[in-house]
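As structure tokens, the structure follows; a few thoughts come after it.
The values are calculated or read from the model by the stated rules, or taken from the named source; none is laboratory data. Only a predicted model underlies this, so the values are computations on that prediction, with no experimental measurement involved. Here the Cβ positions follow ideal geometry from the backbone for every residue, glycine too, while neighbour counts run over all protein chains shown.
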Amino acid sequence: MIKEVSGDILLSRADLLAHGISAQDPFDSGLALALRERWPSLVRDFRHHTRSRAVASGDVWFWTGIQDGGGTRKILNLITQDTLGQGSSAKPAKASIENVRRALQNLAKLVKQENISSVALPRLATGVGSLPWSEVSPLIRQYLGDLGIPVIVYTTYRKGEMADEGL
């Protein structure tokens with residue numbers, strides 16, 4: 001089941017938060033920045049991972065951290081954007097439909113392997129990634145629609161507002 005909602009994805013009750021980035025993402029804008037501010041260790045751990053292993057577009061990187069009030073928060077970084085440049089001068093490039101397709105396929109596999117009970121994600125790859133939602137939305141339906149779990153798509157961001165996810 002895919003449900004589109006408005007609200008603050010950081011307040012989601014979904015088992016897993018997923019979002020798109022590049023392999024060399026600075027986590028300095030949008031949802032990535034909000035995640036970095038809330039869970040700084042997410043970025044440290046991701047950077048350590050990318051220094052020790054090659055990360056390709058379309059890959060995913062799974063992280064579990066501690067919530068402020070206790071419990072855990074699972075976050076999946078979907079590598080939807082390519083990278084421009086190398087080393088410290090590397091910057092996120094635009095996303096591609098093929099990267100999104102591969103990342104969503106990998107997300108679907110991870111949901112099954114890890115017994116994820118629900119997923120929340122934004123309008124993937126449409127911000128910094130610059131893809132039109134009309135091209136991304138059908139891919140979300142294709143790869144996540146038949147997982148048998150709630151998939152909550154945050155189509156409109158409203159800071160501090162809890163969405164009616166139906167969870």
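A few points about this structure:
- Taking each residue of the stretch 54-70 that is at pLDDT 85 or above and looking for partners that are assigned to a loop (DSSP other than H, G, I, E, B) with beta-carbon atoms closer than 6 Å, six or more apart or interchain, yields Gly65/Trp39.
- Considering each residue of the stretch 125-146 in turn, none proves to be buried (at least 20 other Cβ atoms within 10 Å of the Cβ), part of a strand (DSSP E or B) and not aromatic (Phe, Trp, Tyr).
- Candidates are the residues of the stretch 17-38 that are among the hydrophobic types (A, V, I, L, M, F, W, C) and farther than 15 Å from Pro92 by Cβ; the one that is surrounded by the most Cβ atoms within 10 Å (Cβ to Cβ) is Ala18.
- All positions within the stretch 5-16 that are surrounded by 14 or more Cβ atoms within 10 Å (Cβ to Cβ) and either β-branched (Val, Ile, Thr) or part of a strand (DSSP E or B) (or both): Val5, Gly7, Ile9, Leu16
- Checking each residue in the stretch 17-37 for being modelled with pLDDT of 85 or more, assigned to a helix (DSSP H, G or I) and under 15 Å from the mean Cα position of the chain (by Cα) picks out Leu31, Ala32, Ala34, Leu35, Arg36.
- Neighbours by Cβ (under 7 Å, 6+ apart or cross-chain): first from the stretch 94-113, among the aromatic types (Phe, Trp, Tyr); second surrounded by 22 or more Cβ atoms within 10 Å (Cβ to Cβ): none
- The condition of being within 19 Å of Val153 (Cα to Cα) and either among the charged types (D, E, K, R) or part of a helix (DSSP H, G or I) (or both) holds for only one of Arg47, Arg102, that being Arg102.
- Test: Leu121 is farther than 19 Å from Val5 by Cβ, at pLDDT 95 or above, surrounded by 14 or more Cβ atoms within 10 Å (Cβ to Cβ) and touching a strand residue (DSSP E or B) at 6+ places or on another chain (Cβ under 9 Å): no
- Every residue from the stretch 50-73 that is of a type in the set (Ser, Thr, Tyr) and part of a helix (DSSP H, G or I): Thr50, Ser52
- Pick from the stretch 38-53, criterion over 15 Å from Ser22 (Cα atoms) and not charged (D, E, K, R), ranking: modelled with the lowest pLDDT: Ser52
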